[in-house]
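Peer 1: Could you have a look at this structure, given as structure tokens, before my questions?
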Amino acid sequence: MSHDHDDRPGLNAAQAEAALNPPPGRVGGDLVTETLQGLGAATVFGVSGRPAPGLSGALRRSALAYVELGAENNAAFAADAYGRITGEVAVLLLTAGPGALAALPALQEAAAASAPVLAVCAQVPAAGLGGRRHGHPRELRDQQASFREVVKSVHPVRTASQIPSAIAAAWESALTAPHGPVWVEIPEDVLRAETVLPPVSALDATPRELYPRPELTLVAADLLARAARPAIIAGGGVVRADATGKLRALAERIAAPVATTYGGKGAFPWEHPLSLRSWPGDPRVTELLEAADVLLVVGSGLGALSSGGHTFAPRGRVVQIEADAGKLEANHPALGIHSDAREALDALLDAVEPREDATAADRVRTTLETAPDPAAAAQGPGPDAAQGLSPAAAAQGPGPDARVLAAVRAALPDTAPSFWDLTPLTTLAWSAFDTRRPNTMHSAQGAGGSGYALPSATGAAFADPTTPVLAVTGEDDAPHTAAELTTARRYGLPVTWLIVDGDGDRGDGGDGDHEDRDGGPDALRPDLVALAESLGVPALRSTPASLATDLTTALRAPGPSVIVLRAR
């Protein structure tokens with residue numbers, strides 16, 4: 001019997017020589033860095049100082065760029081953002097015990113956003129595992145158990161020879177739809193022990209494709225073609241699958257209005273005649289979607305944030321396309337199609353018959369025109385008053401937040417990503433902000449904690465140092481991550497940090513002299529402009545009237561900058 005091995009990876013002459021005569025001085029950590037490089041990694045994130053025993057020297061010997069942040073949680077947020085922006089695996093290096101646990105909220109955020117993050121974490125020496133408690137520093141009874149219900153997959157390592165295969169398997173898992181964070185755990189003694197294993201080469205971790213079942217595609221295509229009032233909800237899975245063009249083609253073929261979830265912003269063109277823009281937010285949009293006789297949900301599980309706290313109640317047939325099998329029919333009975341959004345939409349385009357409906361665009365326009373634009377109401381008449389904002393934000397009411405949001409939209413380049421902590425301005429932006437490009441607006445929707453925006457913007461800047469990045473934070477949360485300004489300054493990153501005081505409307509006449517919400521003097525609050533300047537970062541105070549100009553200038557300038565805004 002003959003075997004064809006031509007598809008197996010081979011070695012060139014230099015690799016063969018290195019395999020037969022491994023260079024001296026290598027340790028388990030070198031197997032980690034060699035594997036990462038072989039899989040295509042170029043940048044890894046961690047904390048200042050020693051990332052983990054055995055890895056410091058290995059990083060110096062490698063071609064990997066090690067990005068140092070001030071704390072593990074911030075390094076994890078940066079890796080999350082890098083993975084979201086690039087669509088590639090973002091590598092995160094963690095120490096055992098408290099360092100690992102500090103990254104847990106950020107990994108939960110990555111899981112919610114399906115960001116491909118590969119966390120390589122040290123563990124106490126192998127002798128302390130398996131219930132044997134030797135009292136090692138940072139010892140946890142079962143460290144990986146803390147992460148198993150958060151990450152997509154767990155890959156424990158116990159010997160040096162297991163390292164390449166475990167990391168390659170984790171890499172494949174992170175990139176197989178649905179993308180997500182994965183966990184590799186290696187004992188410290190394995191990382192620092194010398195190894196005679198040859199340098200790692202010839203790795204293959206190609207992600208598996210997730211195609212729809214053909215019989216389900218046929219049924220879905222028939223339902224959509226025969227529907228009288230079809231509609232589409234597009235979630236973040238459309239953006240992550242790079243399926244925005246296919247979504248538009250399908251919507252136009254069947255004349256279906258399209259709304260996007262907050263995570264799916266940018267999945268469909270904002271000004272398209274069939275665009276219902278971001279949803280939920282306007283009850284009129286909700287009614288149009290609920291009244292659809294066939295509702296196609298693509299790349300969303302319609303969780304609490306995407307369904308008005310689980311109040312959304314579709315009355316027609318639901319067809320759901322979702323890469324995460326656990327989300328299929330989790331909230332609504334549906335024809336569930338387990339597939340990557342791009343593959344499923346491509347299959348539907350091949351199967352569905354065109355549907356004519358000259359009234360679809362009129363129904364969308366009527367729905368959007370039934371509510372006043374909050375930005376226009378706040379700023380008064382003018383050709384640019386409503387730039388980038390949607391009538392869906394009318395539920396928020398006109399006011400200072402709408403003016404600030406309009407100024408941000410006017411200043412932010414279409415290609416520039418933005419990262420938002422949870423503030424009142426962010427909740428308005430979810431409904432009202434026109435991203436104009438997919439994958440450019442990101443917020444903490446998974447873990448929901450503070451301190452997300454600045455370290456995430458830092459990670460995104462490493463993904464593309466030529467494009468400015470905006471971070472938006474409330475004044476009360478800003479001190480939590482201000483130290484990462486030193487990271488942005490050290491690397492010269494084009495990160496602009498907008499810090500918004502949402503409590504500015506206290507009748508102080510606009511001069512900024514007032515007492516804080518607890519009755520103490522305003523002087524008790526940190527002077528964030530002075531803090532930024534003390535770190536060598538340019539900073540200024542802005543007003544809603546000057547914000548668009550100030551932001552435009554800051555975003556065009558090299559390096560980091562800070563703008564502190566009294567919004568009201």
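The values are calculated or read from the model by the stated rules, or taken from the named source; none is laboratory data. Treat the numbers as computed from the prediction; the structure is a model and nothing was measured. All Cβ positions, even for glycine, are placed from backbone atoms using ideal geometry, and neighbour counts span all protein chains on display. Calculation scope for accessible area: heavy atoms of the full protein, side chains included, ligands and nucleic acids excluded. Shrake-Rupley method; radii C 1.70, N 1.55, O 1.52, S 1.80 Å.
Peer 1: Return the lysines within reach of Lys246: Cα separation strictly under 21 angstrom, same-chain partners fewer than 8 residues apart disregarded; answer none if there are no such residues.
Peer 2: Lys265
Peer 1: Note down the Stokes-Einstein diffusion coefficient of the stretch 215-311 in µm²/s, whole number, using a Kirkwood radius over alpha carbon pairs, 20 °C, and 1.002 mPa s.
Peer 2: Result for D is 161 µm²/s.
Peer 1: Reachable lysines from Lys152, Cα under 16 Å, same-chain residues fewer than 8 places away excluded?
Peer 2: By straight Cα distance, Lys152 reaches Lys327.
Peer 1: Calculate, for the stretch 264-346, the solvent-accessible area per residue in square angstrom, rolling a 1.4 angstrom probe over the heavy atoms of the protein chains.
Peer 2: Result: 35 Å² per residue.
Peer 1: Take Ala330 and Arg556, extend 7 Å from each Cα along the Cα→Cβ direction, and tell me the distance between the two endpoints in nm.
Peer 2: Rounded to a tenth, the inter-label distance reads 4.5 nm.
Peer 1: Round to a whole number: what % of the accessible area of the chain belongs to carbon and sulfur, probe 1.4 Å?
Peer 2: Of all accessible area on the chain, carbon and sulfur atoms account for 51 percent.
Peer 1: Right, here's the next one. Over all distinct alpha-carbon pairs, what is the Kirkwood Rh of the stretch 37-186 in angstrom?
Peer 2: Evaluated over the stretch 37-186, this radius sits at 15.1 Å.
Peer 1: Beyond 39 Å, what share of the Cα-Cα pairs of the chain is found? Please give it as a whole percent.
Peer 2: Percent of Cα pairs beyond 39 Å in the chain: 34.
Peer 1: Now, a different point. Mean projection of the alpha-carbon convex hull of the stretch 430-495 over all orientations, in nm²?
Peer 2: Working: hull surface 20.4 nm².
Result: a mean projected hull area of 5.1 nm².
Peer 1: Looking only at GluC sites (Glu not before Pro) in DSSP loops with at most 11 other Cβ atoms within 10 Å, what is the longest site-free stretch of the chain?
Peer 2: Result, exposed sites excluded: 357-568.
Peer 1: Something else: Expressed as a rounded percentage, what relative contact order does the stretch 182-283 have, with Cα pairs under 8 Å and six or more residues apart?
Peer 2: The value is 21 percent.
Peer 1: Considering only protein heavy atoms, what per residue accessible area in square angstrom results for the stretch 40-196 with a 1.4 angstrom probe?
Peer 2: Roughly 35 Å² per residue, with all protein chains present.
Peer 1: Tell me, what is the per residue accessible area of the stretch 199-260 in Å², probe radius 1.4 Å?
Peer 2: 43 Å²
Peer 1: Right, another one. To the nearest 10 square angstrom, how much accessible area does Tyr491 have with a 1.4 angstrom probe?
Peer 2: Accessible area, nearest 10 Å²: 80 Å².
Peer 1: Sticking with this structure for a sec: Run the 1.4 Å probe and let me know the accessible area of Asp350, rounded to the nearest 10 Å².
Peer 2: Surface accessible to solvent at Asp350 totals approximately 130 Å².
Peer 1: Sticking with this one: What translational diffusion coefficient, in µm²/s and rounded to a whole number, does the Stokes-Einstein relation yield for the stretch 419-467 at 37 °C and a viscosity of 0.692 mPa s, taking the hydrodynamic radius as the Kirkwood radius over Cα pairs?
Peer 2: This corresponds to a translational diffusion coefficient of 282 µm²/s.
Peer 1: Let me ask another. Counting only the heavy atoms of the protein chains, how much of Lys246 is accessible to a 1.4 Å probe, in Å² to the nearest 10?
Peer 2: 50 Å²
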